[in-house]
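The values are calculated or read from the model by the stated rules, or taken from the named source; none is laboratory data. This one's a predicted model, so the numbers in the text were calculated from it and none came from an experiment. In this analysis, Cβ positions are derived from the backbone assuming ideal geometry, glycine residues included, and neighbour counts consider all displayed protein chains. When the accessible area is computed, the model is the full protein with side chains, heavy atoms only, and any ligands, DNA or RNA have been set aside. Shrake-Rupley method; radii C 1.70, N 1.55, O 1.52, S 1.80 Å.
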Amino acid sequence: MKFNQFILLTILLFSCQQKKKENMESIVELEKKIEQNKTERVENKTIELEKRVIGFDTINIFPKDTIINSWNLAFKQINESDFKAQIRKQVTTLFEQDNTSEFLIKIDSCYYLTLNSKEKDTLCNFDDGEYHEKYSLIGFSKKTNTLIFDWENWEEAHPILINLNENKHWILCPEYEISPDQSWVTTFSNYIDNPIYEENELFLYELTKNSVNEIYRFSNENYGVFAVRWTDTNTIIIELKKVDFESFKATESYFFKLTKTLYNNGYK
């Protein structure tokens with residue numbers, strides 16, 4: 001009988017200890033959750049405070065500082081009010097209209113182009129009722145030896161750059177802006193306005209006498225480029241929007257300023 005009582009007391013003691021252990025574990029877990037919630041609240045408050053101070057949600061999408069082909073590109077995120085103030089300073093520039101008669105002639109529906117290498121290039125309009133292609137000369141810059149054409153077919157439409165020293169067509173995005181000094185082109189697209197191109201992209205090209213140089217390319221699956229404007233020879237402002245593919249809409253906007261400076265041998 002005493003032995004049975006001993007066994008019963010042992011079981012009860014073990015059960016109490018197990019429950020105590022479980023209760024302690026529960027208390028520890030509860031304390032961890034409370035501490036985690038406190039940390040999250042502090043982090044959220046910090047983020048909200050930062051948003052109030054700087055005036056926008058920050059996204060890490062462009063490099064802050066990068067050097068490409070002797071050019072230093074500095075990206076800075078700005079708020080909407082700064083963007084609106086900057087866009088009032090935008091400079092709209094048309095491509096130069098220098099004379100092309102020495103190397104380009106148009107006969108009927110075709111442009112006949114003679115490059116500086118004496119190679120020939122022919123750009124012809126075509127329409128058979130089911131498919132068509134069309135070229136339109138927009139301008140020529142003698143300073144950079146560069147032509148720009150508009151090209152379109154039954155579903156696409158975009159500009160084309162041709163440098164007289166290169167036997168190559170540079171296909172641009174549907175939207176483009178010329179720098180005030182006529183030496184740079186920004187071209188961009190987004191999936192909402194130009195779904196046929198399927199890309200959210202931004203390119204920065206330098207135009208020289210000898211070539212068209214791609215200095216920078218941006219591409220992102222979730223953020224489209226909806227506006228790029230030159231505010232002076234070395235500065236552009238950019239509006240990105242987040243793309244909602246399910247609803248086929250652009251949502252919140254983010255604004256940036258890009259400044260380019262010449263970088264030679266480590267000296268700006």
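Some points to look at:
- Tensor-based shape of region 116-208 (alpha-carbon gyration tensor, a/c under 1.5 rounded, otherwise prolate or oblate): oblate
- Rel. contact order, % - alpha carbon contacts under 8 angstrom, at least six apart, region 87-207: 18
- Sorting the segments 127-134, 196-203 by their mean number of nearby beta carbons within 10 angstrom, highest to lowest, gives 196-203, 127-134.
- Computed accessible area, Ser81, all protein chains, 1.4 angstrom probe, square angstrom: 80
- Two-site label geometry, Leu262 and Phe245: point separation in nm, points 7 Å out along Cα→Cβ: 4.3
- Global form of region 67-120, assessed from the alpha-carbon gyration tensor, a/c cut-off 1.5: prolate
- Heavy-atom SASA rank of Tyr176, Tyr216 (probe 1.4 Å, accessible area, largest first): Tyr176, Tyr216
- The lysine pair count for region 118-268, using Cα distances under 15 Å and pairs eight or more places apart or on different chains, is 8.
- A full extension of the chain between Ala85 and Ser136 corresponds to an added length of 14.8 nm, given 0.36 nm per residue minus the alpha carbon distance.
- Stretching the chain fully between Ile67 and Ala157 yields a gain of 29.2 nm (0.36 nm per residue, less the alpha carbon separation).
- Thr233 versus Glu214: modelled label distance in nm, points set 7 Å from Cα along the beta carbon direction: 2.7
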